[in-house]
Amino acid sequence: MGKLNQVNVNHKFDTKKEYKEELKKYQLELLRLQQQFYQKGIPLILVFEGWDAGGKGGAIRRLTEKIDPRGFQVHAISAPNVIEAKYHYLWRFWNKLPAKGQIGIFDRSWYGRVLVERVEKLATEEEWKRAYREINEFEKVLADDGAVIVKFWLHISKQEQLERFEERKNNPFKNWKLTEEDWRNREKWDDYEQAVDEMLEKTDKPHASWHVIGGNYKWHARVAVLKTIVKTMEAHLCTEK
């Protein structure tokens, strides 16, 4: 059984009041820690991967809405452009890495090589298998240079994804989020699940850990992401003392 099948996707809060209180608590903690990381010159790299409609955007919006906007940048990663495609796949990420004391947030990332590029055969088998080592070495270089790296996989059930797709299709404010590619990816759910499980197994390292967040209930997922970031930042500051 893969790691994903062991994840409880149905954690939830009992009331909206409880959710709002927890959200505010960790947003304030993150604001405080952002200032400490800035003062100490520690770069923070946050990587978000997950199923289509898994809640990445909502989680990122809640983690950024109360912190200093001068101190972070969100990078929405899509397919490489004509220029980027001429280089090694990691090339386009180097200039997006955060400066010392800044936060870099990646809405999808270099893990595309072992996920979509693997499943859609945009990379050869030799290329995506080699990428596990390349990515581990890339992240180790960043961690050795002082960066804190936190990686999330936002996990929802296949049925929950279908319900979110249908809701987006029928909501004029959200239907721009739904594409034909989303439906095509859904047809390859099992292939993607296998790729995700192997990614988690091969690239979960002490200096760059994966955190699989059960996301069928968005409130729980948003707070869980914030809480994980706060705890990781606090633990790093403790090791520096």
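I'd like the distance separating the alpha-carbon centroids of the stretch 81-131 and the stretch 1-58, in whole Å.
Spelled out, the Cα-based centre of one part sits 23 Å from the other.
What is the antiparallel percent of DSSP beta bridges lying wholly in the stretch 16-236, to the nearest 5?
In the stretch 16-236, approximately 5 percent of DSSP beta bridges are antiparallel ones.
How far apart, in nm, are the 7 Å Cα→Cβ label points at Glu120 and Glu21?
Each label point is offset 7 Å from its Cα along the Cβ direction, giving 4.5 nm.
Quick one: if the Förster radius is 25 Å, what FRET efficiency do Asn175 and Lys66 give, using the C-beta to C-beta distance and rounding to 0.05?
For R0 = 25 Å, the calculated efficiency reads 0.30.
Which helices of the chain meet both criteria: a Cα extent of 30 Å or more along the helical axis and a mean Kyte-Doolittle score no lower than -0.5, with helices taken as whole DSSP H segments? The partial results should precede the final answer.
On the way: long enough: 16-40 (36 Å, -1.66); 218-240 (34 Å, 0.08).
Going by DSSP H runs, the hits are 218-240.
What aspartates and glutamates sit close enough to Lys12 to cross-link, taking a C-alpha to C-alpha distance under 17 Å and skipping anything fewer than 8 places away on the same chain?
Here the aspartates and glutamates satisfying the reach criterion relative to Lys12 are Glu21, Glu22, Glu160.
In terms of the Cα gyration tensor, with a ≥ b ≥ c the square roots of its eigenvalues, is the stretch 4-124 rounded because a/c is under 1.5, prolate because a/b exceeds b/c, or oblate?
Because a/c hits 1.5 or more and a/b fails to exceed b/c, the stretch 4-124 counts as oblate.
In square angstrom, rounded to the nearest 10, how much accessible surface does Arg32 have for a 1.4 Å probe?
Its accessible surface works out to 100 Å², give or take rounding.
Which FRET efficiency value, to the nearest 0.05, do you get for His11 and Leu162 by plugging their Cβ-Cβ distance into 1/(1 + (r/R0)^6) with R0 = 25 Å?
0.80
Work from the charge dipole of the chain (Cβ charges, +1 for Lys and Arg, -1 for Asp and Glu, about the Cα centre) and give the residue of Ala99, Pro206, Leu122 farthest towards its positive end.
Ranked along the dipole, the leading option is Ala99.
Probe radius 1.4 Å, ligands and nucleic acids ignored: give me the carbon and sulfur share of the accessible area of the chain as a rounded percent.
Values: 6430 of 12890 Å².
C and S fraction of accessible area: 50 percent.
Taking only protein heavy atoms and a 1.4 Å probe, what accessible area per residue, in Å², does the stretch 74-166 have with all protein chains in place?
Numbers: 4530 Å² over 93 residues.
Per residue, the stretch 74-166 has an accessible area of 49 Å².
Roughly how compact is the chain, stated as its Cα Rg over 2.2 N^0.38 Å to two decimals?
The reported ratio for this selection is 1.00.
The values are calculated or read from the model by the stated rules, or taken from the named source; none is laboratory data. For clarity, every value in this text was computed on a predicted model and none was experimentally measured. Neighbour counts are summed over all protein chains in view; Cβ atoms, including those assigned to glycine, are modelled from backbone coordinates with ideal geometry. Note: accessible area is taken over every heavy atom of the protein model, side chains too, but ligands, DNA and RNA are not part of it. Shrake-Rupley method; radii C 1.70, N 1.55, O 1.52, S 1.80 Å.
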